[in-house]
Amino acid sequence: MSNLHTLAGLVCLLSFVACGRSCPVTPAVEDVSVQGLAKPIPMATTDYRARVEVTVLRNGVPVEGVEVAFSQSISGRPARFDWRGITDADGWAEIEISVDARQFWRVGVSGYYVARAVHPASGEIVEEWRSIPVSGGGRHYFLLPIGETAQMRTVSLKDRGQYVLESDPDSLVSYGGGGGIFILSMIPDGNFEGQVALSLVAEPALNARLSTESLTRYRTIAEVDIRPDTLIAPAIYWIEVIAMHASATDTYKLGVSTLVDGAYWFELINVSGGMVSSRDDFILLLQSERPELGIATGLTWFAYAEKLGGWDGSLWAGSSTWVSVNPKWEMRVRRIVIPRSPTWFLLRRRGEKEAIFAAKKEAEGQMYEIPVREYFFSW
């Protein structure tokens, strides 16, 4: 992890490397601890969602293609198997349990559940397991052997292999009322199976959110989106991303440095620099060159300045980057803060790592598509 540097008049986090970047994990199934369900008591929380992984076995052999459904055990109420999943070739299924916050405002999803395995085609009940404890906000692993009681596992049967988790960027500068996005990329090895469960811990005023709670071989990108409160104090903040795979838990640190009067500089550049009109010009070019993307002029964007030039002790100079995001797209406008400089544009689909379109607008007004790689040399 590299050092943090403070420039005169500005707290600015330059760069660092996330801790624990490589996550080698190769558990053996025999090493996975298993416990019966006689004693575990679900911890009451006010979380209204939980994820459950189950593995159905018959005489130690995975059972494929059965529907596993969960119902909360509530005294005096008939069972309602509202949450379900289909087992794969490994007998494995993932099920998300969620409840109405208005009805279960005191305990959330926490409680005891009944699990039932059913043949989807015939509706025949294969087996039923009772007294399964689930706590809100967590991830739970259960072994469901037909003809036996359910067993709680400490790790997923599906999790094996190794992976590397990388972040781009590792750190960024933001301000009250601004924003920022970290792109997390999971690189699995050839033996990787299962998923990497993600969660985060952050200063509440950062309003940090994960775009997904798990990564798999087929979904390798997650985003951490921040929207700092308007009155957040200027400081250096750390976001801890917690990644769990098999028996290993790794923590990755992302840095956010908040500026003094950052919103003022954003408004100054936004108004005087014409960033909104530049974005509109880029949208018109996309409508002409890439109409299949369906980016309409009237879309709603959340906008913030990601890079407000550089501080030389007396004035702003260098380049400025202005970012607009909505649930589907991220659009960047970059400009050198000198007269008659060109403007560069970049478009990325949310949930993907690589940008898909870039453009350049000359000072004279001519605007045209450029290779994506050229945008990154526009400093």
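Summary of values
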quantity	calculated
Selection from segment 332-347 of residues that are surrounded by 21 or more Cβ atoms within 10 Å (Cβ to Cβ) and either over 18 Å from Asp281 (Cβ atoms) or at pLDDT 95 or above (or both)	Phe345, Leu346, Leu347
Index of the failed condition, Glu166 passing every other in (1) surrounded by fewer than 18 Cβ atoms within 10 Å (Cβ to Cβ); (2) out of contact with any Lys or Arg (no Cβ under 8 Å at 6 or more places or on another chain); (3) in contact (Cβ under 8 Å) with a residue 60 or more places away in the chain	(2)
Residue match in segment 133-155 (condition: without any contact (Cβ under 8 Å) to a residue 24 or more places away in the chain and surrounded by 18 or more Cβ atoms within 10 Å (Cβ to Cβ))	no
Within segment 137-234, strands (runs of 3 or more DSSP E) holding 2 or more residues that are polar (S, T, N, Q)	171-174
Selected residue (criterion: surrounded by the fewest Cβ atoms within 10 Å (Cβ to Cβ)) from residues of segment 186-204 that are of a type in the set (A, V, I, L, M, F, W, C) and out of contact with any Phe, Trp or Tyr (no Cβ under 8 Å at 6 or more places or on another chain)	Val201
Residue selected from segment 109-132 under the condition touching a Lys or Arg at 6+ places or on another chain (Cβ under 8 Å) and acidic (Asp, Glu), by the criterion surrounded by the fewest Cβ atoms within 10 Å (Cβ to Cβ)	Glu128
Residue check, Gly176 farther than 30 Å from Arg116 by Cβ, over 21 Å from the mean Cα position of the chain (by Cα) and assigned by TED's automatic domain parsing to the domain that holds Ile232	yes
Count of residues meeting criterion [among the aliphatic types (A, V, I, L, M) and at pLDDT below 90] in segment 348-379	1
Neighbours by Cβ (under 6 Å, 6+ apart or cross-chain): first from segment 323-346, assigned to a loop (DSSP other than H, G, I, E, B); second of a type in the set (Asp, Glu)	Pro342/Glu362
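The values are calculated or read from the model by the stated rules, or taken from the named source; none is laboratory data. As the structure is a prediction and not an experimental result, all values here were calculated from the model. Positions of Cβ are backbone-derived with ideal geometry, glycine not excepted, and every protein chain shown enters the neighbour counts.
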